[in-house]
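All of the numbers you see were taken from the coordinates with simple rules; none came from a lab. Computed from a prediction, not measured in an experiment: that's the story for all the values here. Here Cβ is always computed from backbone atoms with ideal geometry, including for glycine, and neighbour counts include all displayed protein chains.
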Amino acid sequence: MIGIRSFTRSESGAMSADWVVLSALSIGLGTMTIMSLSTGPTSMAAQIGGILANVNVAGTSAAAFLYTWYDEATQDYFLGVYRGLTDAELVNESKSYSDAFRDQITSGNIADPQHLIEQRHMIQTVLDERDVQAHGDALSVSEMQQMLAEAQGE
């Protein structure tokens, strides 16, 4: 049997043809592997997204809330902050953000309250994780969204 070194250096017709065929097969197999792997995660992510969009959590669909103000890293940061609060502090935060939202809507400021809705949503997420109720005077996220839509004339 011919060694790899002599095989790669051989210039005879049969050896060169074998080398070209083996190279083409290797490149083709690598390309097919990459193509098959690149579509798998994308289609799987789409399937998971479709399933999660239909998940019903505490009476609202998971897709019912869309973050537009904060990116995912910022959301994770704030969720970590809220998870570090005591239950009483968290309940008070739910009221504080609701009051700040009411103040902005009452003053006619309808450009900025979306971030307050998103903060209130993150607070509610942590409250739900702990099975704790928000402050009795706090607005729910859906109430805040409805008030903002009404203020915007929608």
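Between Val132 and Gln146, the contour length at 0.36 nm per residue exceeds the alpha carbon distance by 2.7 nm.
The ranking of Met32, Met147, Met122 from fewest to most other beta carbons within 10 Å of each one's beta carbon is Met32, Met147, Met122. Cβ-Cβ distance of Val81 and Thr31, R₀ of 41 Å, FRET efficiency by 1/(1 + (r/R0)^6): the value works out to about 0.30.
Taking other C-beta atoms within 10 angstrom as a stand-in for reagent exposure, Phe78, Phe101 fall in the order Phe78, Phe101, fewest first.
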